[in-house]
Amino acid sequence: MAANGLMAASNVFLHRPENRNFSFSSRTSQTALIGVKGRVSFMTNVKRCFPVVLSMAKTETSGGAVESVAPGYGISIMVNGCSGKMGKAVIKAADSAGVNIVPTSFGSAEEAGQTVEVCGKEILVHGPTEREKVLSSVFEKYPELIVVDYTIPSAVNDNAELYGKVGVPFVMGTTGGDRTRLYKTVEESKIYAVISPQMGKQVVAFLAAMEIMSEQFPGAFAGYSLEVMESHQASKLDASGTAKAVISCFQKLGVSYDMDQIQLIRDPKQQMEEVGVPEEHISGHAFHLYHLTSPDKTVSFEFQHNVCGRSIYAEGTVDAVLFLAKKIRSKAEKRIYNMIDVLREGNMR
């Protein structure tokens with residue numbers, strides 16, 4: 001890793017694919033010979049280092065000596081939205097990391113009183129009523145509590161106001177809601193929080209690299225045409241926010257492209273036959289392909305990232321929890337952090 005920049009291995013393909021349907025199936029790729037030894041170097045005079053630190057917390061013993069403890073030791077999480085697929089995935093990942101799962105969760109009015117069993121743990125779901133009383137009681141019982149929010153967009157703002165009122169730190173992966181109001185609420189509450197609509201660590205790192213490239217080399221792809229395909233489960237009706245973020249970087253690099261040109265693939269049959277999504281992941285996947293072609297059609301670049309299942313987001317969420325716990329224990333600044341902060345801390349397991 002460069003001392004004053006980000007050194008990233010390239011996943012750029014320098015060939016014209018034979019199949020213009022842009023199949024997402026695996027294939028051998030040629031690494032771009034840019035920089036040295038087949039690596040793309042995004043150099044900058046601004047320090048953007050991602051230091052590696054030990055993923056360990058420190059505690060004071062009675063004698064004043066400092067001893068190391070496992071990252072998840074003493075941390076408790078309350079997963080709101082535990083009945084959903086992401087909520088369950090986070091609980092499984094957190095349990096594997098040694099984090100204590102609080103047997104309490106918030107859900108919809110219809111879910112109130114239900115018990116959800118995950119990893120052999122029974123979690124009681126509470127509806128919208130008496131939420132403040134329940135959360136305050138849980139926070140008092142578990143002083144190192146961190147709430148994880150994977151609920152629904154319409155609950156984002158009310159939930160954030162509740163967490164701020166009680167003073168409990170939280171990690172929010174829920175998308176939607178009024179984001180301006182969300183950030184204003186948390187900033188005024190002066191609490192610890194990690195908020196990110198994208199919890200996949202590696203995807204966030206890719207986006208960060210794209211941002212650096214677009215900042216350092218504006219216009220590098222001027223004149224190139226761009227084609228974008230993204231495939232998600234049928235329940236996702238809108239275009240991917242990640243795809244939009246990557247496209248905005250290409251626009252800074254000189255590419256002319258409108259967001260409504262994104263090819264959205266939601267048909268299961270097409271996803272399996274043309275995109276290459278495994279049948280068992282039709283209900284939960286994120287396949288993205290960005291194809292650039294030079295004006296004279298002699299050069300092409302492809303950027304591709306495929307995600308099956310939800311483990312990448314669940315693991316990233318747990319890393320965010322461990323990151324936040326470390327900030328709390330070290331009495332760091334109370335503010336809103338994001339997944340870039342988590343990556344820079346080097347807390348990836």
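I want the local charge near ALA109. Using Cβ-Cβ distances under 14 Å, sum +1 for each Lys or Arg and -1 for each Asp or Glu among the other residues.
-3
Please list HIS288, HIS126 from largest to smallest accessible area, probe radius 1.4 Å, with all protein chains kept in place.
If we order HIS288, HIS126 from most to least accessible, we get HIS126, HIS288.
Could you tell me the distance between the Cα centroids of the stretch 308-349 and the stretch 158-197, to the nearest Å?
Here the two parts' Cα centres lie 15 Å apart.
Determine the percent antiparallel among the DSSP beta bridges restricted to the stretch 93-245, to the nearest 5.
On the way: 4 of 13 bridges.
In the stretch 93-245, DSSP labels about 30 percent of beta bridges as antiparallel.
Give the accessible area for GLU110 in Å² (nearest 10); use a 1.4 Å probe, count only protein heavy atoms, and leave out ligands, DNA and RNA.
My reading of the accessible area for GLU110 is about 140 Å².
Once amide H atoms are built 1.01 Å from N in the peptide plane, which residues 5 or more positions from VAL171, or in another chain, come under 5 Å H to H?
HN-HN under 5 Å from VAL171: VAL147, VAL148, ASP149, VAL194.
Might you work out the accessible area of TYR313 for me, using a 1.4 Å probe with all protein chains in place, and round it to the nearest 10 Å²?
Accessible area of TYR313: about 50 Å².
Within a Cβ distance under 10 Å of VAL118, other residues only, what is the Lys/Arg minus Asp/Glu net charge?
Within the 10 Å Cβ shell, the charges total 0.
I need the calculated FRET efficiency for the pair VAL299 and SER248, taking r as the beta carbon distance and R₀ as 22 Å, to the nearest 0.05.
0.45
Can you work out the PRE-style zone for GLU132? Point 7 Å along Cα to Cβ, and I want the residues of the stretch 165-203 with backbone N under 14 Å.
Once the point is set 7 Å along Cα→Cβ of GLU132, 165-168 turn out to lie under 14 Å by backbone N, inside the stretch 165-203.
What distance in nm separates the simple spin-label points at LYS85 and MET272, each placed 7 Å from Cα in the Cβ direction?
With each label point 7 Å from Cα toward Cβ, the separation is 1.6 nm.
Using 14 Å as the cut-off for backbone N distance, which residues of the stretch 160-174 belong to the label zone defined by a point 7 Å from the Cα of ALA112 along Cα→Cβ?
Within reach of a label on ALA112, which here means backbone N under 14 Å from a point 7 Å along Cα→Cβ, the stretch 160-174 contributes nothing.
In whole Hz, what ³J(HN,Hα) sequence does the stretch 122-127 give by Karplus (6.51, -1.76, 1.60; θ = phi - 60°), x for Gly and Pro?
9, 10, 7, 9, 9, x
Take ARG335, ARG266 and sort them by solvent-accessible surface of the protein heavy atoms, 1.4 Å probe, largest at the top.
Sorted descending by solvent-accessible area, the residues read ARG335, ARG266.
Before I look further, what does the stretch 234-319 give for accessible area per residue, probe 1.4 Å, in whole square angstrom?
45
With θ set to phi - 60°, apply the Karplus curve 6.51 cos²θ - 1.76 cosθ + 1.60 along the stretch 264-281 and write out the HN-Hα couplings as whole Hz, x wherever there is a Gly or Pro.
8, 10, 10, 7, x, 5, 5, 4, 6, 7, 9, 8, x, 6, x, 4, 5, 10
Tell me the label-point distance for the pair THR175, SER154, using the 7 Å Cα-to-Cβ offset, in nm and rounded to one decimal.
1.9
Which of the lysines could a cross-linker bridge to LYS327, judged by Cα under 16 Å and excluding same-chain residues fewer than eight apart?
LYS58, LYS190
Mind checking which lysines have their C-alpha under 16 Å from LYS297, skipping anything on the same chain fewer than 8 residues away?
none
HIS291: accessible area at probe 1.4 Å, nearest 10 Å²?
Here the accessible area works out near 0 Å².
With a sphere of radius 15 Å drawn around the Cβ of GLN233, what net charge do the other residues whose Cβ falls strictly inside it have (Lys, Arg +1; Asp, Glu -1)? List each step's numbers first, then the result.
Values: positive: LYS85, LYS236, ARG266, LYS269, ARG310; negative: GLU230, ASP238, ASP267, GLU279, GLU280.
Neighbour charge sum, excluding GLN233 itself: 0.
Would you grab the residues whose amide H sits under 5 Å from the one on VAL299? Only those 5+ places off in sequence or on another chain, please, with H modelled 1.01 Å from N.
It is SER294, by chain and number.
Going by amide H atoms built from the backbone, whose H comes under 5 Å of the H on ASP178, apart from near neighbours?
ASN157
Please report, as a whole percent, how much of the solvent-accessible surface of the stretch 203-270 comes from carbon and sulfur atoms (probe radius 1.4 Å).
Exposed carbon and sulfur together represent 53 percent of the surface.
Using 1/(1 + (r/R0)^6) with R0 = 30 angstrom and r between the beta carbons of LYS236 and CYS119, what's the FRET efficiency to the nearest 0.05?
So, using R0 = 30 Å, E works out to roughly 0.65.
The values are calculated or read from the model by the stated rules, or taken from the named source; none is laboratory data. Small disclaimer: the values here were computed from a predicted structure and weren't measured. Methodologically, a virtual Cβ is constructed for each residue, glycine included, from the backbone with ideal geometry; neighbour enumeration extends over all protein chains shown. Side chains are part of the model used for accessible areas, which takes the heavy atoms of the whole protein and leaves out ligands, DNA and RNA. Shrake-Rupley method; radii C 1.70, N 1.55, O 1.52, S 1.80 Å.
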